[in-house]
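A quick write-up on the structure given underneath.
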Amino acid sequence: MKSDTSECPIGAAIAADARTTYGKDRRTDRLLRKPDVTAKTGLSVSAIYRLETAGRFPRRRRIGLRSVAWYESDIEDFIADPLGYRSGIG
């Protein structure tokens, strides 16, 4: 079986939906766990959660029953402009 989404209409629809929902192509975006995010941003976990609640930090994504991660491109956007960052819906 091929994993190319161009031959699978459902896969293409999911990819298109992901691009419209998030505005970015998430298929090649890495997921960063909490230690990586704190190391990259220099923020504590409580500061990350506080900023996230205020809408000033990227939203975390649930990747398992007891695990979350952030998209690397969202973290990079935050690092580029930490004072002006506003998280989008999604």
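At a glance:
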| read-out | value |
| --- | --- |
| Near pairs, Cβ below 9 angstrom, 6+ apart or cross-chain, from region 34-46 (closer than 11 Å to I75 by Cα) to any residue that is open to solvent by 50 Å² or more (accessible area, probe 1.4 Å) and hydroxyl-bearing (S, T, Y) | T38/S44 |
| Criterion: more than 10 Å from the chain's Cα centre (by Cα) and in contact (Cβ under 8 Å) with a residue 60 or more places away in the chain - qualifying residue of G64, G88, G55 | G88 |
| Some residue of region 55-70 being part of a helix (DSSP H, G or I), surrounded by 15 or more Cβ atoms within 10 Å (Cβ to Cβ) and at pLDDT 95 or above | no |
| Selected residue (criterion: nearest to L43 (Cα to Cα)) from residues of region 67-85 that are among the small types (G, A, S) and without any contact (Cβ under 8 Å) to a residue 24 or more places away in the chain | A80 |
| Residue under evaluation I14, criteria (1) outside any helix (DSSP H, G or I); (2) open to solvent by 80 Å² or more (accessible area, probe 1.4 Å); (3) at pLDDT below 95, criterion not met | (1) |
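The values are calculated or read from the model by the stated rules, or taken from the named source; none is laboratory data. Values in this document were obtained by computation on a predicted structure and should not be read as measured data. Because the Cβ atoms are built from the backbone with ideal geometry, glycine has one as well, and the counts that use them run over all protein chains shown. All accessible areas refer to the heavy atoms of the entire protein, side chains included, with ligands and DNA or RNA removed. Shrake-Rupley method; radii C 1.70, N 1.55, O 1.52, S 1.80 Å.
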